[in-house]
1. What distance in nm lies between label points placed 7 Å from Cα along the C-beta direction at Asn219 and Lys158?
2. Mind listing the long-range amide H neighbours of Glu155? Cut-off is under 5 Å, sequence gap 5 or more, other chains count too, H placed in the peptide plane at 1.01 Å from N.
3. In sequence order, what are the phi-derived ³J(HN,Hα) couplings for segment 380-386 according to the Karplus relation 6.51 cos²θ - 1.76 cosθ + 1.60 with θ = phi - 60°, rounded to whole Hz, with x for glycine and proline?
4. Mind listing the phi-derived Karplus ³J(HN,Hα) values for segment 419-435, rounded to whole Hz, using 6.51, -1.76 and 1.60 with θ = phi - 60°, and x for any glycine or proline?
5. Using a probe radius of 1.4 Å on heavy atoms only, what accessible surface per residue do you get for segment 292-445? Whole Å² is fine.
6. With a 1.4 Å probe and all protein chains left in place, how much of the accessible area of segment 289-328 comes from carbon and sulfur atoms, in whole percent?
7. Return the FRET efficiency for the residue pair Ala462, Phe369: r is the Cβ-Cβ distance, R0 is 35 Å, and the value is rounded to the nearest 0.05.
8. Could you give the length gained by full extension between Leu293 and Lys208, i.e. 0.36 nm per residue of separation minus their alpha carbon distance, to one decimal place?
Amino acid sequence: MKKSRWQSRRRHGRRSHQQNPWFRLRDSEDRSDSRAAQPAHDSSHGDDESPSTSSGTAGTSSVPELPGFYFDPEKKRYFRLLPGHNNCNPLTKESIRQKEMESKRLRLLQEEDRRKKIARMGFNASSMLRKSQLGFLNVTNYCHLAHELRLSCMERKKVQIRSMDPSALASDRFNLILADTNSDRLFTVNDVKVGGSKYGIINLQSLKTPTLKVFMHENLYFTNRKVNSVCWASLNHLDSHILLCLMGLAETPGCATLLPASLFVNSHPAGIDRPGMLCSFRIPGAWSCAWSLNIQANNCFSTGLSRRVLLTNVVTGHRQSFGTNSDVLAQQFALMAPLLFNGCRSGEIFAIDLRCGNQGKGWKATRLFHDSAVTSVRILQDEQYLMASDMAGKIKLWDLRTTKCVRQYEGHVNEYAYLPLHVHEEEGILVAVGQDCYTRIWSLHDARLLRTIPSPYAASKADIPSVAFSSRLGGSRGAPGLLMAVGQDLYCYSYS
């Protein structure tokens with residue numbers, strides 16, 4: 001009797017579930033979830049090694065993309081994406097993409113700590129030495145390959161920074177670093193916790209292994225304005241000043257400031273720096289700046305503005321203005337030829353002949369074109385080639401004689417950020433930090449990607465690393481290596 005009653009209640013409950021539309025909706029969703037999860041077990045093996053960069057997919061072509069679902073490679077099943085209106089939806093395409101990028105970064109950091117990578121297959125120290133002895137490699141190629149071999153073995157070590165104000169080191173975040181010509185000083189721009197920026201100079205002469213300790217010299221010069229561009233300036237002697245382009249704020253116009261390195265106590269070696277004066281030039285809306293070492297533009301600097309280039313003589317105060325069709329985001333003077341190269345937001349790269357005046361149209365000497373905004377231009381030593389990068393992630397080597405692209409360096413990531421290039425011809429390498437916070441090193445001669453270094457910090461817009469590479473960190477007796485500033489920390493990737 002009890003058994004028959006229990007069966008009747010069970011049949012009645014099943015009929016009521018089927019008649020209720022809410023239960024029918026839940027049942028259909030459960031069936032769709034079970035059908036969507038079924039193919040995941042068949043095609044997810046071996047896919048965990050390459051997380052997807054596209055949102056809402058499994059990261060491999062073998063797993064189909066289902067509208068309204070995303071595939072979790074760890075749990076090996078599909079999950080429904082909720083419509084994110086005003087409610088808090090933890091499953092968004094951006095959050096899934098960030099999670100995959102972070103897992104990839106952590107895996108690469110573990111691989112860097114565990115094993116050494118070789119930049120070229122079948123390439124090691126013994127084979128390189130044998131080829132050199134047999135005459136297959138000349139001195140230049142041997143040095144370049146030796147640097148590539150050492151680059152693949154660089155190890156990450158944290159640098160201990162000392163300062164007169166240790167509490168500030170724990171709160172101030174690195175915005176950018178810039179090494180001087182001899183790589184014995186490092187100019188730093190730090191974002192202060194209360195708002196604004198603070199400047200400092202790190203003496204790299206004490207950067208010795210295995211301790212890796214440096215001292216940061218600071219001064220009271222403080223600004224609450226954003227720094228658009230920085231470069232070293234040689235007014236009294238080599239790298240005697242720092243040229244800064246500051247944005248305007250409220251009623252305060254933008255300006256270009258020459259900051260003497262002598263303001264930083266004991267920052268210059270041997271005490272040869274004479275007392276300097278802080279010079280400020282009212283130049284509103286400056287995007288970029290460059291100091292001239294060319295004798296035909298002595299004691300001059302250039303600023304890239306909105307739709308014009310302004311050339312200023314520091315001693316006489318004389319100015320020349322050149323009109324352009326777009327904002328000038330990158331600049332560099334040539335050393336031998338009297339030329340100033342400029343990269344624009346429109347993608348145009350053009351050179352200004354400093355011998356011509358700003359009247360007429362004869363001052364444009366060379367014109368090159370990218371498909372996106374140019375963020376960095378670098379002239380090679382022979383001044384026959386120019387390296388340029390843009391906001392589409394393209395890095396191109398241009399032949400200035402034929403105005404044609406002769407080489408392209410793949411792998412750089414950029415969508416809208418102002419990211420510099422670091423060209424080192426002596427070592428034969430090109431270094432650039434992408435918007436994905438990865439530092440990539442290419443061979444300058446064949447565009448081969450030699451190494452990809454993940455950031456020690458999680459990837460974010462506020463923590464894009466700033467780097468400086470030199471074969472002589474700390475001066476003429478220094479060791480080769482890469483300095484990386486990110487967050488509150490400074491890291492050194494030194495040759496082993």
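The values are calculated or read from the model by the stated rules, or taken from the named source; none is laboratory data. Not measured: the values here are computed from a predicted model. Cβ placement follows ideal geometry from the backbone for every residue including glycine, while neighbour counts extend to all protein chains displayed. Keep in mind that these areas ignore ligands, DNA and RNA; they rest on the heavy atoms of the full protein, side chains included. Shrake-Rupley method; radii C 1.70, N 1.55, O 1.52, S 1.80 Å.
1. 3.1 nm
2. Amide H to amide H, under 5 Å and 5 or more residues apart or across chains, Glu155 pairs with Ser494, Ser496.
3. 6, 4, 6, 6, 10, 10, 9
4. 10, x, 10, 10, 9, 10, 6, 4, 8, x, 10, 10, 10, 8, 9, x, 5
5. Dividing the accessible area of segment 292-445 by its residue count gives 41 Å².
6. 44 percent
7. With a Förster radius of 35 Å, E is 0.60.
8. Gain on extension, Leu293 to Lys208, equals 27.5 nm.
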